[in-house]
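**Student:** Starting off with a structure, shown below.
The values are calculated or read from the model by the stated rules, or taken from the named source; none is laboratory data. Keep in mind the model is a prediction, meaning the values are calculated, not measured. Cβ: placed from backbone, ideal geometry, glycine included. Neighbour counts: every protein chain shown. For the accessible areas, the whole protein counts, side chains as well, though only heavy atoms, and no ligand, DNA or RNA atoms are used. Shrake-Rupley method; radii C 1.70, N 1.55, O 1.52, S 1.80 Å.
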Amino acid sequence: MKMTDASPLARKTWMAMLAKAPAVRLAALLPDLPPHTVLRQPEIGAVMVRGRIGATGAAFNLGEMTVTRASVRLASGEVGHAWVQGRDKGHALRAAAVDALMQTDAATDLTSHVLQLLQAEAGAARSVRAEKAAGTKVDFFTLVRGEDK
C-alpha cells in the first residue's frame, strides 16, 4: 500500500505500532536502513501525558514522559517521521525510515515482513498480560442464609 492509497488512519496505525515496538525487535526485523538523509536528528524531549478518570471525567496532567523524535528523507524523496517513548535514538531513526518506506512500493513487503509480525507479537503480549491479570481476579459472593428469606 502506497501512502497515496493509505488513509491517515492507516498511517496513524503503523506509526503507533512502530513507536510501541521494542527497539531491539524492530532492529532485528529491519537491520539495514535504506539510503536516506536525516532531516531532523533524533532529539530527546518530554511531553505532558494527560488522563481522565473513567475516560469521561475532566482531563488532568498525569506527568511527563520522555520521547525521541526523528525525520528522514529517502533517496527517492519520501519523508518519514517518528516519535518513540524513551531515549533510543536508533529506534526513532528506524521507525522514521519505515514510515518513509511505507510510502513507497516496498509497503507491501514491509507490511507482511515487519508490521504484521509486530502486530502479532503485541497481541500475544497483551494476551499474556491479560492472563496474568485474570489470575489475580477475586470473586466476592454472598451465601444466602435460610433465615434471611
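**Student:** Scan the range 80-90 residue by residue and report those that are out of contact with any Asp or Glu (no Cβ under 7 Å at 6 or more places or on another chain), open to solvent by 40 Å² or more (accessible area, probe 1.4 Å) and not charged (D, E, K, R).
**Tutor:** So the first thing to find is which residues in the range 80-90 are out of contact with any Asp or Glu (no Cβ under 7 Å at 6 or more places or on another chain), and the list is 83-90.
Subsequent filtering for residues that are open to solvent by 40 Å² or more (accessible area, probe 1.4 Å) retains 83, 85, 87-89.
The answer is W83, Q85.
**Student:** Considering the range 56-74 alone, what residues qualify as being under 22 Å from A16 (Cβ atoms) and open to solvent by less than 80 Å² (accessible area, probe 1.4 Å)?
**Tutor:** A59, G63, M65, T66, V67, T68, A70, S71, V72, L74
**Student:** Open to solvent by less than 50 Å² (accessible area, probe 1.4 Å) and in a loop (DSSP other than H, G, I, E, B): is that true of G77 in this structure?
**Tutor:** Values: open to solvent by less than 50 Å² (accessible area, probe 1.4 Å): yes; in a loop (DSSP other than H, G, I, E, B): yes.
Yes, satisfied.
**Student:** Name the residue, out of A10, A6, A19, A27, that is open to solvent by less than 40 Å² (accessible area, probe 1.4 Å), assigned to a helix (DSSP H, G or I), at pLDDT below 95 and under 16 Å from A106 (Cα atoms). Show your work before the answer.
**Tutor:** Numbers: A6 fails: assigned to a helix (DSSP H, G or I); A19 fails: under 16 Å from A106 (Cα atoms); A27 fails: under 16 Å from A106 (Cα atoms).
When all the criteria are applied, what remains is A10.
**Student:** Another question, then. Report yes if some residue within the range 116-126 is outside any helix (DSSP H, G or I), more than 13 Å from M15 (Cβ to Cβ) and open to solvent by 20 Å² or more (accessible area, probe 1.4 Å); otherwise report no. Give the derivation first.
**Tutor:** Start the filter on the range 116-126 by keeping residues that are outside any helix (DSSP H, G or I), which leaves none.
Within the range 116-126, none of the residues are outside any helix (DSSP H, G or I), more than 13 Å from M15 (Cβ to Cβ) and open to solvent by 20 Å² or more (accessible area, probe 1.4 Å).
**Student:** Need the failing condition index for M65 against (1) in contact (Cβ under 8 Å) with a residue 40 or more places away in the chain; (2) more than 24 Å from S7 (Cα to Cα), just the number.
**Tutor:** With respect to (1) in contact (Cβ under 8 Å) with a residue 40 or more places away in the chain; (2) more than 24 Å from S7 (Cα to Cα), M65 is out only on (1).
**Student:** What about L101, is it of a type outside the set (D, E), closer than 19 Å to A10 by Cα, open to solvent by less than 90 Å² (accessible area, probe 1.4 Å) and touching a residue at least 24 places away in the same chain (Cβ under 8 Å)?
**Tutor:** Details: of a type outside the set (D, E): yes; closer than 19 Å to A10 by Cα: yes; open to solvent by less than 90 Å² (accessible area, probe 1.4 Å): yes; touching a residue at least 24 places away in the same chain (Cβ under 8 Å): yes.
The answer is yes for L101.
**Student:** Quick one: F141 ticks every box in (1) assigned to a loop (DSSP other than H, G, I, E, B); (2) surrounded by 10 or more Cβ atoms within 10 Å (Cβ to Cβ) bar one, so which box is it?
**Tutor:** Going through (1) assigned to a loop (DSSP other than H, G, I, E, B); (2) surrounded by 10 or more Cβ atoms within 10 Å (Cβ to Cβ) one by one, F141 breaks only (2).
**Student:** Is there a residue being more than 17 Å from the chain's Cα centre (by Cα) and more than 17 Å from V24 (Cα to Cα) anywhere in the range 113-127? So that I can check it myself, show each step before the final result.
**Tutor:** First, the residues of the range 113-127 that are more than 17 Å from the chain's Cα centre (by Cα): none.
No, the range 113-127 contains no residue that is more than 17 Å from the chain's Cα centre (by Cα) and more than 17 Å from V24 (Cα to Cα).
**Student:** Do we have T108 as surrounded by fewer than 19 Cβ atoms within 10 Å (Cβ to Cβ), among the β-branched types (V, I, T), modelled with pLDDT of 90 or more and assigned to a helix (DSSP H, G or I) here? Walk me through how you get there before you give the answer.
**Tutor:** Values: surrounded by fewer than 19 Cβ atoms within 10 Å (Cβ to Cβ): yes; among the β-branched types (V, I, T): yes; modelled with pLDDT of 90 or more: yes; assigned to a helix (DSSP H, G or I): yes.
It is true that T108 is surrounded by fewer than 19 Cβ atoms within 10 Å (Cβ to Cβ), among the β-branched types (V, I, T), modelled with pLDDT of 90 or more and assigned to a helix (DSSP H, G or I).
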